[in-house]
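Here is the structure we will look at.
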Amino acid sequence: MEVLVFDIFGDLGHFKKYYTTSSPLSFSFPPPPTIAGMLSAIAGIDREEYLEVFSPENYKIAIRIKNPIQKWRAGLNIINTKGNNWVPIKKANHGPRSPIKVEFIKKPYYRVYFHHKDRNLFSRVVEFVKDHKSYYTLSLGLSELLADFSFVDLMYFEERKKEDVEVLSVVPLYHVEDIHINSSGDRKYFKEKMPIIMDKDRIVHRYEDVLFEIDGKPVRLNAKRYWEGENSECIMFF
């Protein structure tokens, strides 16, 4: 299976957790539907169509953490612009601004592994990434958090099964039988439940637990299935 490997990075990222409202928390890395949105921004696919184009039966992605995850909270003033009304001066308890705390990822840096069954679409994404161009502006979760990207490689991966292996990417736990905890204590494992499959109406049809090492170190585990590259990198696709 031919796979495009490229990096996405920036100053700040925010990938809102689905259960937070007034004080938004962030996932440590972009969930698969967010990665699909980034790929559609690069290829120029309309936001009303991309979740169908990047449906689970058509594409595969894996995500690797390249910078240690550091989270930072900042106070923001959200401005009420409903009804084309904006009042610059606060009046009693009905002012236009709502102060909130937002959690950001500092210096987010991720490696993305991407494959699509549609050869024309896959070739278009490869071409755009190699030429460092995108159809729409790329961001890291919010439109204000601009992202950059760089081509890494185009390589082949083969699926493997039932092996003890060190995986470089984040780990969807439905591919795993058991985890080997590092006895030296130099690994810090975290788990987050995140959306995996979302339809065009932004309705999530599947959530899954995903395991990762917060500094981006490999995770040793007994895998039901994983994918090995021609450079011997082992990853897990969603």
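Express in nm, to one decimal, how much length is gained between residue 76 and residue 232 on full extension, taking 0.36 nm for each residue of separation and deducting their alpha carbon distance.
Details: separation 156, 0.36 × 156 = 56.16 nm, distance 4.45 nm.
This chain segment gains 51.7 nm when fully extended.
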What fraction, in whole percent, of alpha-carbon pairs in segment 107-198 exceed 22 Å separation? 51 percent
Modelled label-to-label distance, residue 101 and residue 20, 7 Å Cα→beta-carbon offset: nm? 1.0 nm
Among 220, 111, 202, the residue with the largest mean-square fluctuation in a Gaussian network model of the chain built from Cα contacts under 10 Å is 202
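For residue 144 and residue 159 in one chain, what is 0.36 nm times their gap in residues minus the Cα-Cα distance, to one decimal in nm? All intermediate terms of the calculation are to be shown ahead of the outcome.
On the way: separation 15, 0.36 × 15 = 5.40 nm, distance 3.78 nm.
So the chain would gain 1.6 nm between residue 144 and residue 159.
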Once you put a point 7 Å from the Cα of residue 174 and another 7 Å from the Cα of residue 224, both along the Cβ direction, what distance in nm separates them? 0.8 nm
What value, in deg cm²/dmol to 500, does the helix sum -39500 (n - 2.57) over DSSP H runs of n ≥ 4 give at 222 nm once divided by the residues of the chain? -3500 deg cm²/dmol
Only Cα pairs within less than 10 Å get springs; with that Gaussian network setup on the chain, which residue of 26, 98, 169 has the largest fluctuation? 98
HN-Hα J in Hz across segment 133-146 - Karplus 6.51, -1.76, 1.60, θ = phi - 60°, x for Gly and Pro: 9, 9, 6, 10, 5, 8, 9, 9, x, 10, 4, 7, 9, 5
Residue by residue, what Karplus-based ³J(HN,Hα) values in Hz, rounded to whole numbers, does segment 220-235 have, using 6.51, -1.76 and 1.60 with θ = phi - 60° and x for Gly and Pro? 8, 7, 9, 9, 6, 7, 7, 10, 10, x, 5, 9, 6, 5, 10, 9
How are the Cα pair distances of segment 1-78 distributed, in percent, across 10 Å bins from 0? 14, 42, 33, 10, 1
Per 0.36 nm of contour for each residue apart, how much would the distance between residue 192 and residue 166 grow if the chain were fully extended, relative to their Cα-Cα spacing? 7.4 nm
At q = 0.16, 0.24 Å⁻¹, the log10 of I(q)/I(0) for segment 170-225 from a Debye sum over equal Cα scatterers comes to -0.55, -0.95
Gaussian network model of the chain, Cα within-10 Å springs - most flexible of 144, 213, 166: 144
The relative contact order of the chain, taking Cα pairs under 8 Å that sit 6 or more residues apart, comes to a percentage of 29 percent
20 °C / 1.002 mPa s Stokes-Einstein diffusion coefficient of the chain, Kirkwood radius on C-alpha pairs, µm²/s: 112 µm²/s
Of the candidates 151, 214, 229, the farthest towards the positive dipole end of the chain (Lys/Arg Cβ +1, Asp/Glu Cβ -1, centred on the Cα centre) is 214
For the residue pair residue 181 and residue 137, what label-to-label distance in nm results when each label sits 7 Å from Cα along the Cα-to-beta-carbon direction? 4.6 nm
Using only Cα atoms, locate the centre of segment 218-237 and the centre of segment 144-169, then give the distance between them in Å, rounded to an integer. 9 Å
May I ask you to derive the FRET efficiency for residue 214 and residue 46 from their Cβ-Cβ distance with R0 = 22 Å, giving the value to the nearest 0.05? 0.05
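Taken together, the values in this text are just the output of simple stated rules run on the coordinates, not laboratory data. From a predicted model like this one, the values you see are computed outputs, not experimental measurements. With ideal geometry, Cβ positions are generated from the backbone for all residues, glycine too; neighbour counts draw on all protein chains shown.
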